[in-house]
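The values are calculated or read from the model by the stated rules, or taken from the named source; none is laboratory data. If you're wondering where the values come from, they're calculated on a predicted model, not measured in any experiment. All Cβ positions, glycine included, derive from the backbone under ideal geometry; neighbour counts span all protein chains shown. For the accessible areas, the whole protein counts, side chains as well, though only heavy atoms, and no ligand, DNA or RNA atoms are used. Shrake-Rupley method; radii C 1.70, N 1.55, O 1.52, S 1.80 Å.
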Amino acid sequence: GFLCAGRANRHLYRLYGVPERKLFRFAYSWGYDSLLEKSAELKPQRSRIRAEFGIPEESLVILFCGRLSREKNLFHLVDAYHQLDLERKSLIFVGDGDLKHSLQDYVDQLGPHSVTFFGFQNRDQIAKYYTVSDLLVLPSVRETWGMVVNEAMCFGLPVIVSHQVGAGIDLVTDGHNGYSVATDVDSLFRSIKRIADLTEEERLLMGMNSIETMKEWSHRDLAES
């Protein structure tokens, strides 16, 4: 038998002639109830945690969380962020990797404009970074799934993913809880701007749609498959 995660992989198995009787659906889903509970616990502390991190209360906070490496397409994310004409904005990188120093140098050349590198964070701390953020962007040129998408959605974030991110096929609905876009700078910029231009209430609604999606997703436990 073959376990296939998501609609896209199931299509590929069929394309290569694997019989339907050998296909079993499973979801990248386990332990999300605890993340949903953590989200509810930390939400009232959002202002305090922002102050702790030195992030202005009024800023639109864009989060990248993951390995700082070439396939994540982070230079394009920085370029798209710098095009965003907002007085109060922040881009935060959570993670470490081979690209760290060259990415920091690139940010310095363009002008920092509230771009912060927080480095690697353990599981006990990572929830705080989801809590202070307004949206997650995962612009990868290659990404089998992207577990940060699941996690960010548990914390009520709209998400922007590239078309190359596997999670986007099953979890992201354009205009409902985020956008799935091409990997070029202009596509990333336009999708970020669409969310930036929303009212706070509209962004919160997108975030609630993410939470509702993950509540449903959490019932599709991997172990049961």
Leading residue at positive end of dipole, the chain (Cβ point charges), from GLY146, ILE92, HIS113: GLY146
In Å², nearest 10: area of ASP186 left accessible to a 1.4 Å probe: 80
Accessible area, probe 1.4 Å, largest first, for residues TYR129, TYR106: TYR106, TYR129
Surface accessible to a 1.4 Å probe, per residue, for the residues of the chain, Å²: 50
Value of D in µm² per second that Stokes-Einstein yields for segment 119-204, Kirkwood Rh from Cα pairs, at 25 °C (0.890 mPa s): 186
Solvent-accessible area, 1.4 Å probe, carbon plus sulfur percent, for the chain: 49
Lysine pair count for segment 39-135 [Cα-Cα under 20 Å; pairs on different chains or 8 or more apart]: 4
For LEU135, distant residues with modelled amide H under 5 Å away: VAL61, LEU63
About the Cα centre, charge dipole magnitude for the chain (Lys/Arg +1, Asp/Glu -1 at Cβ), debye: 700
Straight-distance crosslink candidates among aspartates and glutamates, where the alpha carbon sits under 18 Å from LYS193 and sequence neighbours closer than 8 are dropped: GLU58, ASP79, ASP85, GLU87, ASP134, ASP174, ASP184, GLU201, GLU202
Estimated dipole of segment 108-213 in Debye, rounded to 20 [Cβ of Lys and Arg +1, of Asp and Glu -1, Cα centre]: 180
Area accessible to solvent at ARG88, 1.4 Å probe radius, in Å²: 120
Segment 127-186-segment 70-98 distance, computed between alpha-carbon centres (Å): 14
Convex hull of Cα atoms in segment 52-122, direction-averaged projection (nm²): 4.8
